[in-house]
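Undergrad: Handing you a structure now.
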Amino acid sequence: MTDNEEFSPEWFSKPGDTIVELMAIRDLTVADLADATAYETTDIREILSGTGHVTDELAEKLGDILGGSGNFWRQREANYRRCLRQAADRIDPKEVSAWLKQFEKKQLADFGWVPRHETRKVQLEAYLAFFSVATPQEWEKRYSATLSEHLYRTSQAYESDPAALSAWLRRGEVEAASMPVQPFSTAAIQKRIPAMRELTRRRDIVSALRSLQRLCGECGIALAYVQRPKRCVASGAMRVTPEGKTAILLSFRHRSEDHFWFSFFHELGHVLMHRDHSTLIDEGTSETEELEAEANAFSANVLVPRQHRDELEALPPSPKAIIRFARKIGISAGIVVGQMEFARAVKPGRLTKLKRRYTDEVLQQIVV
């Protein structure tokens with residue numbers, strides 16, 4: 001393609017897209033590829049998102065591990081960078097400034113999502129690469145417009161900023177794309193819900209969260225734990241990625257176990273009942289909206305089945321009584337407290353000591 005030829009977004013494919021396809025064929029995770037190449041997992045994720053470069057050294061290693069020659073991967077990288085530069089050159093400078101200023105660039109760099117660059121041109125290329133778009137208009141169509149259709153239903157006091165929310169969703173897409181999963185199956189989900197629920201009682205939190213990802217993968221769901229940028233208030237999302245993979249994203253916005261597990265089963269309810277909607281985002285503000293109400297009911301009934309609801313609401317606010325009830329129905333005491341708070345059977349904060357919280361040490365091991 002020459003500079004005089006019209007740029008076509010169909011040409012705009014990064015090496016990471018090919019790497020993800022080959023990883024899926026070989027059932028490799030990001031950690032597997034990092035080990036095989038002697039690179040850090042953060043470096044591999046940057047390559048997959050397009051913000052990192054395939055060096056000559058990595059090109060040779062990719063050839064050995066995934067197939068193709070080192071020259072193939074070098075040429076793949078060179079072609080992509082050329083297309084990226086051409087895409088950036090075609091965008092009006094005023095439009096560049098207006099688009100880039102929406103993002104919390106320092107924080108996204110600190111997260112390791114999009115590196116910071118000294119020149120606006122290179123910074124633009126990095127953001128185009130991260131979002132896998134050729135223009136701000138394509139970003140608007142793929143993310144902001146879709147999100148605005150959701151956001152109009154939410155409270156103005158709590159809605160996320162579209163740029164922050166789009167970055168969070170995109171990070172989740174990249175992570176989900178690299179996660180090997182089985183073919184999607186609603187029957188497999190229903191079969192594994194009891195095992196998922198049992199994980200609420202596991203003492204080792206990191207082990208429980210990893211096991212939850214494994215169970216989801218067996219059902220065809222990529223479960224990604226994604227840290228939350230400023231101005232993004234989403235607790236979770238169900239998203240069918242552009243590649244057709246079903247993903248659940250969770251942010252740990254509220255660090256207590258009751259919020260986490262309610263959010264997870266809420267999103268799982270969306271997967272089972274509303275998968276035909278490509279994106280559904282839980283910001284905790286659409287209590288009366290039909291789809292959210294259905295997902296809330298699903299989550300509540302998984303955690304505390306209907307036959308135990310009356311007993312739950314009649315429980316005295318006593319730690320011993322709550323622990324006994326939690327053991328009886330097979331969930332953690334902290335979740336029981338959360339459900340009692342939701343049912344207004346106990347004042348929020350009164351029994352917080354029964355809830356386990358996810359510390360920085362825990363989150364550093366699992367979020368991306």
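Computed from the coordinates by the stated procedures, all read-outs in this text should not be read as laboratory data. Because the structure is predicted, anything quoted here is derived from the model rather than measured. No Cβ is skipped: glycine too gets one built from the backbone with ideal geometry, and neighbour counts run over all protein chains shown.
Undergrad: For the stretch 206-270, what is the largest minus smallest coordinate of the Cα atoms on each principal axis, given in angstrom and ordered from greatest to least?
TA: 28, 28, 19
Undergrad: Kirkwood Rh over alpha-carbon pairs of the chain, then Stokes-Einstein at 10 °C and 1.306 mPa s: what D in µm² s⁻¹, rounded to an integer? Could you put the intermediate results ahead of the total?
TA: Values: Rh = 22.0 Å.
Rounded, D is 72 µm²/s.
Undergrad: For ILE322, ILE366, what's the fewest-to-most ordering of other Cβ within 10 Å of each Cβ?
TA: Placing the least packed residue first, the sequence is ILE366, ILE322.
Undergrad: For a 24 Å ceiling on Cα separation, which of these pairs sit above it: LYS106/LYS245; LYS191/LYS347; LYS191/LYS355; LYS141/LYS245; LYS320/LYS353; LYS94/LYS141? Don't jump to the answer; show the numbers that get you there.
TA: On the way: LYS106/LYS245 30 Å; LYS191/LYS347 35 Å; LYS191/LYS355 28 Å; LYS141/LYS245 20 Å; LYS320/LYS353 13 Å; LYS94/LYS141 19 Å.
As for pairs spanning more than 24 Å Cα to Cα, those are LYS106/LYS245; LYS191/LYS347; LYS191/LYS355.
Undergrad: Oh, and also: Could the peptides 227-239, 47-59 be put in order, highest first, of the mean number of other beta-carbon atoms found within 10 Å of their residues? Please report the intermediate quantities before stating the final value.
TA: Working: 227-239: 22.5, 47-59: 19.8.
Highest mean packing first, the order is 227-239, 47-59.
Undergrad: I've got another one for you. With both bridge residues required to lie in the chain, what share of the DSSP beta bridges run antiparallel, to the nearest 5%?
TA: 65 percent
Undergrad: For LYS101, give me every one of the aspartates and glutamates with a C-alpha distance below 14 angstrom, ignoring sequence neighbours fewer than eight places off in its own chain.
TA: ASP161
Undergrad: Does the stretch 239-301 classify as rounded, prolate or oblate by the C-alpha gyration tensor (a ≥ b ≥ c root eigenvalues; a/c under 1.5 gives rounded; else a/b over b/c gives prolate, otherwise oblate)? Show your work: numbers first, answer last.
TA: Numbers: a/c = 1.80, a/b = 1.28, b/c = 1.41.
In terms of gyration-tensor shape, oblate.
Undergrad: OK, next. At a 10 Å Cβ-Cβ cut-off, how would you order TYR39, TYR127, TYR143, fewest neighbours first? Working shown, then result.
TA: Values: TYR39 18, TYR127 24, TYR143 21.
Listed from fewest to most nearby Cβ atoms, that is TYR39, TYR143, TYR127.
Undergrad: Measure out, as a whole number of angstrom, how far apart the alpha-carbon centroids of the stretch 183-206 and the stretch 113-130 sit.
TA: 39 Å
Undergrad: Let me ask something else about it. How far, in degrees from 0 to 90, does helix 56-66 lean away from the longest principal axis of the Cα atoms of the chain, to the nearest 10?
TA: 60 degrees
Undergrad: Counting helices only, and only those DSSP H runs with n ≥ 4, report the 222 nm mean residue ellipticity of the chain as the sum of -39,500 (n - 2.57) divided by its residues, in deg cm²/dmol to the nearest 500. Walk me through the numbers before you get to the answer.
TA: On the way: 19 runs with 206 residues, N = 368.
Taken over the chain, the calculation gives -17000 deg cm²/dmol.
Undergrad: If we count other beta carbons within 10 Å of each Cβ, what is the order of HIS254, HIS270, HIS259, fewest first?
TA: Fewest to most other Cβ atoms nearby, the residues stand as HIS254, HIS259, HIS270.
Undergrad: Relative to the longest principal axis of the C-alpha atoms of the chain, give the angle of the C-alpha long axis of helix 333-342, reported between 0 and 90° and rounded to the nearest 10°.
TA: Roughly 90 degrees, rounded to the nearest 10.
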